Each structure stands twice: as structure tokens, then as C-alpha cells.
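Let me begin by presenting the structure, written as C-alpha cells, before commenting on it.
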Amino acid sequence: MFMPFGCNDGSMENFAVNGDIQLAWDRQGAGQPLLLINGLGSPRIAFEQGFVDLLVGAGFEVVRFDNRDVGHSSRATAPYALADQAADAVAVLDAAGWPRAHVFGQSMGGMIAQTVAVVAPARVITLTSLMSTTGNRTVGRPTAEALESLLVSPPADPEGWLANRLVTEKIWCSPAHWDPTWVEAKGRAMIAHGVDPAGSVRQFRAVVAGGERDADLAALEMPTLVLHGSADTLVDPSGGRHTAELISDSRHVEIDGMGHDLAPAFWSRIVAELSGFVAENS
């Protein structure tokens, strides 16, 4: 399997299969089953170990996986859409032996999680959509600066990719918690695990091809937690508000000062919101 920039094999790595796509995943903890779905271009270790440790400590059994086109998972050979990525997530649930799970997605992962809830509602106990939106182009729009940065393909060499990450992350960071040392360390860990600029482009095209989910989400009958940062410049907070407005059984929490970066300063708050919501809806 082609691994741009190299990778470090994790212990207890498993693989799920969806057609010709293999999806690398890992499992930690014991308790309520929780599937984490990551954002654009990010391997599973972008859900950092410290964050996972807090989830495990809160009573979750955590499965995270590499989306297709990143990390240790297969590279796609044909165009795909969010529905295909949702099928990937269901394949991971199958491989984990979970008939149902709490499904948590951030950014593009939130879009995938929403799609899983729509196409396979019997597999989802609760849905959590973090820093995401519904595909409706009138809400959740990035600032002009964030959009310009998003549309520029990052360099294909590791150091160039990392330098670009330091620039773009500052645009959509949590402003009071901007920490270039943390951003660089996380970026180097992502490189070591496997990132793929060309794969990120294919993922972005899948998001665009996914279209609008408003009608499907409005028909959804599922406990849903919508989390969004007030300082998000990549997906405007209106995207989170609109998501919650559509889903009848939803709770909307806007976290003051949080951007689009899952900064460690907000981990405890996110875990507390999630664990409380799950306790009420399990």
C-alpha cells in the first residue's frame, strides 16, 4: 500500500473492507462504543492520544480509523462521494463487531457522520457533529482568507506540507490558544502516520459532490449533539446552528473561542458535553 511521506505502524492495527477499499482502524478502552470520524486530509491520529485518553476515561470504547485516501487506508482509484465514505464508516463498525455505536465526526468527518445517520440510522445510537455543516451553501461558509487557503493545494514534500500547515492552521485556529509548537508536533505526527495531498483533493471533491443534506437531516429522528466553535473561520458557526435547527432531537452547543483546530484547551469541554449527552440518550 502506497504511503506518501512514510508511516509508523501502530500496535493492534486492524483493517475493515468496503469493496476494494481497506480501512485501517484501532480500538482503545471499554464501555460505550464510540466511532470517531476525522476531517479533510487528516489521519486517525489527528484525534490525538490525549483526547482519546479523556474519552476512554469518560467510559467510552473508542474506535478511530483512517478515511480512504489518508494514513494507512487505501488510496482511491475512482471518484467518490460522502455516501461512499459513509459506507466506509459502516464497514469499520462491522469490523469492530458493533451493531450500533455513538458516531462522532469533526469537519468533513461530521458530514460523513451525518450521512451515516441518514443512510444507516439503525447503526447509530447518537450522532455528534463537530465544527461541521449540512452542505447548504448559504450557511457555514468560510471567510475569504480561509477559503483561499483551503483551495490551494499544499506542497507535496513533507517540509513544505508542514510549513503550509503552520500558515493555514493559524487562519482557522482558536485565536487565544494558537500554539505553533503544538501545530508543528501534530503535523509531524500526521506526516509520520501518512498524509497525502493528492488524496486530500479527492476527499474535497467528495465533499462537494455530497451536495445538500438538509431534507434528509430534517427527517432524521436521532439524538444529535451539534458542537461548534464561535471563532471558526473555516466553517462559520451558522453551519452548526443550521444543522441543529434541522434535526428535531438535537442539542446545539457553541463553544466560546474555539476555532477549527480541536485545540487541547477544549478537549475536556468537548468530552464533558459528549459524555453527558450520551448518558442522557443511551
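The values are calculated or read from the model by the stated rules, or taken from the named source; none is laboratory data. Given the structure is predicted, the values throughout are model-derived calculations rather than measurements. Counting neighbours? That spans all protein chains shown, and the Cβs are built from the backbone with ideal geometry, glycine included. Ligands, DNA and RNA are stripped out before the accessible areas are found, and what is left, the full protein with its side chains, is counted by its heavy atoms. Shrake-Rupley method; radii C 1.70, N 1.55, O 1.52, S 1.80 Å.
For the reader, a short list of remarks on this structure follows.
- Residue-wise HN-Hα couplings along segment 166-173, as the Karplus relation 6.51 cos²θ - 1.76 cosθ + 1.60 with θ = phi - 60° gives them from phi, are 4, 6, 6, 4, 5, 5, 10, 6 Hz; Gly and Pro carry x.
- As a rough guide to protection, the peptides 151-157, 40-46 ranked by mean Cβ packing within 10 Å, highest first, stand as 40-46, 151-157.
- Unit charges at the beta carbon, dipole of segment 1-131: most positive-side option, F15, A78, I112: I112
- About the Cα centre, charge dipole magnitude for the chain (Lys/Arg +1, Asp/Glu -1 at Cβ), debye: 200
- Taken over segment 1-146, the convex hull of the Cα atoms encloses 133 Å³ per residue.
- Of the solvent-accessible surface of segment 51-144, computed with a 1.4 Å probe and all protein chains present, 58% belongs to carbon and sulfur.
- Values of log10 I(q)/I(0), in the order q = 0.16 Å⁻¹, for segment 96-235 under a Debye, Cα-only, solvent-free model: -0.98
- Using the 1.4 Å probe convention, the accessible area of segment 123-282 works out to 42 Å² per residue with neighbouring protein chains retained.
- Cα-based values for the chain, radius of gyration first and Dmax second, are 17.0, 47 Å.
- Taking amide H as placed 1.01 Å from N in the peptide plane, V124 has its amide H under 5 Å from the amide H of A101, each at least 5 places away in sequence or on another chain.
- For the pair R100 and L151 in one chain, pulling the backbone fully straight at 0.36 nm per residue adds 14.8 nm over the alpha carbon distance.
- Gain in span if fully extended, A265 to V208, counting 0.36 nm per residue against the direct Cα distance: 17.4 nm
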